[in-house]
Amino acid sequence: MFSFFKKKRDLSIYAPVDGEVIPLSFVPDPVFRDKLMGDGIAIIPTDGHFCAPINGKVILIAPTKHAIGLKAEDGTELLIHVGLDTVDLNGEGFHPFLKIGDSVSIGQPLMDVDLAFINSQAKSIISPIIITNDDEHKKLISFTVKKTVHIGKTVIMSITG
């Protein structure tokens, strides 16, 4: 028997770090605030341990180590950008554990970050989590209403499409 309708796929994106959630509209950087890279949410981290928020693959580690890109099994691409204007730190304070092409599962460590150093040297520790190909997939995104989130336990975004 043939199915004429494509099955809907849902994706839950978990908190990659413990902290406080803020909407992108509160992020003091126009690239993120105006959603120029895509839609998403931001977290003010309370801990420097960042973990995988989805099952998928590592598709980007910025040369300055301040950002990691992941691709979920359904094709959704995420960018975890640690802090604002952290590219200027040239990798200092960032300690990634993976390389491009590595598979990840929810809760798996991605990197450790020296939050005290970043807080003293960068514009902010606010960390946007962006869906970079949301236009490509035309999916419905819903966001958590929780203020405090925990690594691998709190769903911060859900995608239906």
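Quick note: the coordinates plus some simple rules give every number you see, no bench work behind them. In this text, all values refer to a predicted model and were calculated from it rather than measured experimentally. For neighbour counting, all protein chains shown are included, and Cβ atoms are generated from backbone atoms with ideal geometry for every residue, glycine included.
For the chain, list log₁₀ I(q)/I(0) at each q in 0.21 Å⁻¹, using the Debye formula over Cα point scatterers of equal strength and ignoring solvent, two decimals each.
-1.49
Quick one: grab the alpha carbon gyration tensor of the range 73-161, order the square roots of its eigenvalues as a ≥ b ≥ c, and give me rounded if a/c is under 1.5, else prolate or oblate depending on whether a/b is larger than b/c.
Prolate shape, in that a/c is at least 1.5 and a/b is the bigger ratio.
Relative contact order, percent, of the chain when contacts are C-alpha pairs under 8 Å separated by at least 6 residues?
Relative contact order, the chain: 34 percent.
Go ahead and estimate [θ] at 222 nm for the chain from helices alone: -39,500 (n - 2.57) per DSSP H run with n ≥ 4, summed, over the residue count, rounded to 500.
For the chain, the value works out to -2000 deg cm²/dmol.
By how many nm would the segment from E73 to F97 lengthen if fully extended, with 0.36 nm per residue of separation less the alpha-carbon distance?
6.6 nm
Report, in cubic angstrom per residue, the convex hull volume of the C-alpha atoms of the range 34-75.
Taking the convex hull of the Cα positions in the range 34-75, it is 112 Å³ per residue.
Net charge within 15 Å of V31 by Cβ-Cβ distance, Lys/Arg positive one each and Asp/Glu negative one each, not counting V31 itself?
Taking every Cβ under 15 Å from that of V31, the sum is -2.
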